[in-house]
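As structure tokens, the structure follows; a few thoughts come after it.
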Amino acid sequence: MKTPAFDPNTVSKPNGNFFGFPYSWEEAKIVLLPVPWDVTTSYGSGASKAPQAIIDASTQLDWYDFDVPNAWAIGHGTLAIAPQISRKNQQMRFIAKDIIDHLEAGKNPEDKAIRQKLDRVDRASSELNEWVYQQSQMLLTKNKLVGLVGGDHSVPLGFIKALAEKHGEFGILQIDAHADLRVAYEGFTFSHASIMYNVLKLDEIASLVQVGVRDICEAEIALANSDPRVVMFDDWQLKNKTYEGVSWAIQVKEIIKAIPQKVYVSFDIDGLNPQFCPHTGTPVPGGLDFNQAIYLIQMLVKAKKTIIGFDLCEVAPGEASDWDGNVGARLLYKLSNLMYASQS
């Protein structure tokens, strides 16, 4: 690929692409797929605005990467934010909010009007999954490395399905405050709280390694304990070991032992301490430090694991600050570059 004219020592010019890089998605090695969708968000909304917020913040980064020198020249491309997905999200979010309000008021979940609305949201979510699948499959058939930018955490299901068809068996490293193993949470089959429950239905998923979980229900614990593929390094366990003198480096080695050679990274930003993502939809005290999370991904690469794809979800921009978008942009750059580095 011929490198387009770009000066990595100056601020990028906004051009609609992540990082303001000059690559079209057709010529890029890495393609970032934005999915502006947060229909089933159960607490704070705003994740649908994340792709644009991250694009806006991402031009302010500096481009030297200590892990991947000249990373800016790899070729990071961007699929345009799809306006039809944004419009459908607005329509369905309004309907989903009615359902959530109805349930939180203690009203009958089998109310006919509510069931009709639930069916409508489920159909829309299924259509979104198919759209993500088709977009992902198109990119994968062109041998692109793909990163998905949510949106809430429900959105990568179609992408993971496309990766399963391309790669066969692989594992998932999930960095998250939540296990996301709920069944049809609040009635929504494709809830952000049900993404891993739905992912585990795929035969190609060899393992699900969860890191940073600290908000979980009993049914999720029961499911995790009953499925040998699920390995949970909850935040309490991680912190207690740290307090007892076990270094993060040693704990990371244990995490990586549970991960097969091919791995998909699912990064819900609420896996971080909320100081890094104060406006995310379901913040939980505790969590990983920014550099702890990066170190984990770095060690994946050093262990010769191949990152076949990733998602970054649940970034929600604040009204008065671009801090969430800034952190999201920096995570996105590192995840993209380390995915590329893992290929060799």
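The values are calculated or read from the model by the stated rules, or taken from the named source; none is laboratory data. This structure is a prediction, so every number in the text was calculated from the model and none was measured. Every residue, glycine among them, receives a Cβ derived from its backbone with ideal geometry; neighbour counts consider all protein chains shown.
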Looking for something among the small types (Gly, Ala, Ser) and either part of a helix (DSSP H, G or I) or free of Cβ contacts under 8 Å to residues at least 60 places away in the same chain (or both) - is there at least one such residue anywhere in the range 23-44? yes
So the helices (runs of 4 or more DSSP H) completely within the range 49-159 holding 3 or more residues that are under 23 Å from Gly318 (Cα atoms), modelled with pLDDT of 95 or more and among the small types (Gly, Ala, Ser) are 50-58
Gln174 fails exactly one of (1) out of contact with any strand residue (DSSP E or B) (no Cβ under 6 Å at 6 or more places or on another chain); (2) within 28 Å of Ile55 (Cα to Cα); (3) among the polar types (S, T, N, Q), namely (1)
Picked from the range 286-307 (must be crowded, with 21+ Cβ neighbours inside 10 Å and assigned to a strand (DSSP E or B)), the residue farthest from the chain's Cα centre (by Cα) is Leu288
Residues of the range 308-325 being more than 29 Å from Lys262 (Cα to Cα), of a type in the set (Asp, Glu) and buried (at least 21 other Cβ atoms within 10 Å of the Cβ), in sequence order, are Asp324
Restricted to the range 326-344 and to residues being outside any helix (DSSP H, G or I) and at pLDDT 95 or above, the residue surrounded by the fewest Cβ atoms within 10 Å (Cβ to Cβ) is Gln343
When the range 254-285 is checked residue by residue, the ones that are of a type outside the set (Val, Ile, Thr), outside any loop (DSSP other than H, G, I, E, B) and within 16 Å of Gly171 (Cα to Cα) are Glu254, Lys257, Lys262, Tyr264, Ser266, Phe267
Quiz item: Within the range 32-47, is there a residue that is closer than 26 Å to Leu296 by Cα, among the polar types (S, T, N, Q) and in contact with a helix residue (DSSP H, G or I) (Cβ under 6 Å, 6 or more places away or on another chain)?
Solution: no
Among residues of the range 218-236 being in contact with a helix residue (DSSP H, G or I) (Cβ under 9 Å, 6 or more places away or on another chain) and of a type outside the set (D, E, K, R), the residue surrounded by the most Cβ atoms within 10 Å (Cβ to Cβ) is Val230
Condition set surrounded by 24 or more Cβ atoms within 10 Å (Cβ to Cβ) and acidic (Asp, Glu), scope the range 171-216, selection farthest from Asp227 (Cα to Cα): answer is Asp176
Among (1) closer than 16 Å to Pro36 by Cβ; (2) of a type in the set (Val, Ile, Thr); (3) without any contact (Cβ under 8 Å) to a residue 60 or more places away in the chain, Val149 falls short only on (3)
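Please tell me if Gln52 is in contact with a Pro (Cβ under 8 Å, 6 or more places away or on another chain) and under 27 Å from His153 (Cα atoms).
Yes; evaluated as a whole, the condition is true for this residue.
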Just one listed residue, out of Ile74, Ile95, is of a type in the set (A, V, I, L, M, F, W, C) and in contact with a Ser or Thr (Cβ under 9 Å, 6 or more places away or on another chain), and it is Ile74
When the range 281-305 is checked residue by residue, the ones that are at pLDDT below 95 and polar (S, T, N, Q) are Thr282
